[in-house]
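Take a look at the structure set out below.
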Amino acid sequence: MEQWGLELRRRRILVDRTMRTNRQRVFAAGDIADHDGKVSLISIGFGEAALAVNHIASLLDPARSLTPGHSSDA
Ligand SMILES: Cc1cc2nc3c(=O)[nH]c(=O)nc-3n(C[C@H](O)[C@H](O)[C@H](O)COP(=O)(O)OP(=O)(O)OC[C@H]3O[C@@H](n4cnc5c(N)ncnc54)[C@H](O)[C@@H]3O)c2cc1C
């Protein structure tokens, strides 16, 4: 991983608020990801994964809304 060109901090992959790494189109979530205020809990990892997926979806298809909607509205 140290050879992948990812910016690391505390032996973890540094991400921004969208879970984006310093490498284009590479995201990280869960314990491997590090950001200010990071707390390593299962619930946080799930939230970070959803955050990353939403940002990836709108990156791949800019017409998509970042907020995908709520199942309760379906
Ligand atoms: C002792 C302990 C107790 C904890 N108790 C709690 C708790 O009560 N509540 C709570 O919310 N959190 C708890 N946590 C934290 C929680 O376990 C983690 O936040 C959570 O498991 C992180 O999930 P993850 O999927 O990001 O990483 P992980 O669960 O670490 O999953 C990463 C997976 O990737 C695999 N892997 C690694 N390298 C490779 C590779 N090269 N190729 C393929 N696979 C690879 C690993 O084998 C592992 O299965 C605890 C942690 C510890 C250590």
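What follows is calculated from the coordinates using simple rules that are stated; it is not laboratory data. Because the structure is a prediction, the values reported are computed rather than measured. Please note: Cβ atoms are built from the backbone with ideal geometry, for glycine as well, and neighbour counts cover all protein chains shown.
Here the gap between R10 and D73, fully extended at 0.36 nm per residue and compared with their Cα-Cα distance, gives a gain of 18.6 nm. Result for the chain in a Gaussian network model with C-alpha springs under 10 Å: among A29, A57, A49, the largest mean-square fluctuation is at A57. A DSSP coil position with no more than 14 other Cβ atoms inside 10 Å describes the following chymotrypsin sites (Phe, Trp or Tyr not before Pro) in the chain: W4.
Near F27, the amide H atoms lying under 5 Å from its own belong to T21; only residues 5 or more places off or on other chains count, and H is placed 1.01 Å from N. Once C-alpha pairs closer than 8 Å and six or more residues apart are averaged by separation and normalised to the residue number of the chain, the relative contact order reads 21 percent. With the charge dipole of the chain set up from +1 on Lys and Arg Cβ and -1 on Asp and Glu Cβ about the Cα centre, the Cα lying farthest toward the positive end among the listed residues S58, G30, G69 is that of G30. Give, in nm to one decimal, the length gained when the segment between Q24 and V39 is fully stretched (0.36 nm per residue of separation minus the Cα-Cα distance). Full extension from Q24 to V39 adds 2.9 nm.
Axis angle, to the nearest 10 degrees, between helix 42-60 and the longest C-alpha principal axis of the chain: 70 degrees.
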